[in-house]
Amino acid sequence: MDIKQLKFLNALAREQHFGRAAEQCFVSQPTLSARIRQLEQELGVMIVERGSHSYHGLTAEGQRVLHWAQRILADCDSMRQDVSAMQDELAGAMSLGVIPSALLFAPLLTVPFHQRHSRVSVRVLSQSSQEIQRNLDGFDIEAGLTYIDNEPLQNVRRLPLYQERYAVLTASETFEDRNTIEWIEAASLSLCLLTPDMQNRRIIDSVFAQLNCQPIPEIETNSIVNLYAHVRTGKLSTIVPANFAAVIGGQDVRTIPLIEPEITHTIGLVVADRDPVSPLVGAILDLAEDIDLSVIDAQMWQPEQASQ
């Protein structure tokens, strides 16, 4: 057994196609197939379900082998990072999964992180909370910026960062004499909302369910920026995190905080619960502990400013 076999298996599981996996690994398809068969022979189990030389998925044993392969590959990367940091400075690549409603605030982490660790390239990926959980489990991202107190997270370490509150983003003439509105009033608006696979949408739906109403949005999208684009038409309103709305709001739209009930949820940094953590994960955790993101609340959750 060697590292290349594990890389080939990981690529095959990701691409779900022998040819594409071989291209990703810069080898021929017969070479990749042969090395995975060698791994099967060494372990004495069938890893890949095949049919007419095509990929049909992993067996139950294959799923278990893949899990261990991903852990081993992640540990190899951590070893390289650790040795590199001892000799010079931290180097490598870090991927951060971020829920759409927190994308505007990711730079508060990523910019100072890159300033501290200039040899580390950083990728910010827009992902749902479910994708963040799945990608942490599969070692595809080092950390996530997501909800930490609403839907259960498994096998992660959590670092709370700031509170998310909610507001209506609407055309300037809507509720023009109001500094706040109630959730039940928002239900009467023509709404554009995120798709149900987004946790922000599920939070909104749960609040309306508590109030025994369930408005049907006229438009659904998985892009929070696209929500803003629809609101700017003057025909639709949306419900988004108040701090996000305060950042992107302009003269043609208004941000009106929602009350009764007043809902808050915690956004935080999450990493896989592994010991020891990789140098990259340790570095992003150290940075997050040093940054006071509570200023997001102080600066942006102010009804007087939001209503202007």
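What the table below lists for this structure:
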quantity: Qualifying residue in the stretch 123-132 (condition: over 22 Å from residue 195 (Cβ atoms) and touching a residue at least 60 places away in the same chain (Cβ under 8 Å)); calculated: no
quantity: Residue 212 being out of contact with any Asp or Glu (no Cβ under 8 Å at 6 or more places or on another chain), surrounded by 20 or more Cβ atoms within 10 Å (Cβ to Cβ) and outside the structural domain of residue 128 (by TED's automatic domain parsing); calculated: no
quantity: Verdict on residue 204 being under 30 Å from residue 269 (Cβ atoms), without any contact (Cβ under 8 Å) to a residue 40 or more places away in the chain, hydrophobic (A, V, I, L, M, F, W, C) and crowded, with 20+ Cβ neighbours inside 10 Å; calculated: yes
quantity: Qualifying residues in the stretch 16-40 (those that are part of a helix (DSSP H, G or I) and of a type in the set (Ser, Thr, Tyr)) - the one surrounded by the fewest Cβ atoms within 10 Å (Cβ to Cβ); calculated: 31
quantity: Residue 13, sole failed condition from (1) over 28 Å from the mean Cα position of the chain (by Cα); (2) surrounded by 18 or more Cβ atoms within 10 Å (Cβ to Cβ); calculated: (1)
quantity: Segments classed as helices (runs of 4 or more DSSP H), wholly inside the stretch 172-270, with at least 3 members that are aliphatic (A, V, I, L, M); calculated: 199-210, 224-231, 242-248
quantity: From 62, 57, 51, residue being in contact with a Leu (Cβ under 9 Å, 6 or more places away or on another chain) and not hydroxyl-bearing (Ser, Thr, Tyr); calculated: 62
quantity: Residue under evaluation residue 299, criteria (1) among the polar types (S, T, N, Q); (2) at pLDDT below 90; (3) not in a helix (DSSP H, G or I), criterion not met; calculated: (3)
quantity: Identity of the residue in the stretch 136-159, at pLDDT below 90 and more than 26 Å from residue 7 (Cβ to Cβ), that ends up surrounded by the most Cβ atoms within 10 Å (Cβ to Cβ); calculated: 150
quantity: Residue ID - surrounded by the most Cβ atoms within 10 Å (Cβ to Cβ), chosen from residues in the stretch 102-122 that are closer than 18 Å to residue 228 by Cβ and touching a Leu at 6+ places or on another chain (Cβ under 8 Å); calculated: 102
quantity: Of residues in the stretch 41-66 being in a helix (DSSP H, G or I) and under 34 Å from the mean Cα position of the chain (by Cα), the one surrounded by the fewest Cβ atoms within 10 Å (Cβ to Cβ); calculated: 60
quantity: Failed condition for residue 218, given (1) at pLDDT 95 or above; (2) surrounded by fewer than 17 Cβ atoms within 10 Å (Cβ to Cβ); (3) under 21 Å from the mean Cα position of the chain (by Cα); calculated: (3)
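Quick grid of which residues meet (1) among the acidic types (Asp, Glu); (2) over 30 Å from residue 288 (Cα atoms); (3) modelled with pLDDT under 85:
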| position | (1), (2), (3) |
| --- | --- |
| 12 | no, yes, no |
| 27 | no, yes, no |
| 63 | no, yes, no |
| 72 | no, no, no |
| 79 | no, no, yes |
| 86 | no, no, yes |
| 116 | no, no, no |
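Okay, residues lined up against (1) of a type in the set (Ser, Thr, Tyr); (2) at positive phi; (3) not assigned by TED's automatic domain parsing to the domain that holds residue 240:
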position: 113; (1), (2), (3): no, no, yes
position: 116; (1), (2), (3): no, no, yes
position: 155; (1), (2), (3): no, yes, yes
position: 185; (1), (2), (3): no, no, no
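The values are calculated or read from the model by the stated rules, or taken from the named source; none is laboratory data. All figures in this text were calculated on a predicted structure; none of them were measured in a lab. Using ideal geometry, Cβ is built from the backbone for each residue, glycine included, and neighbour counts are taken over all protein chains shown.
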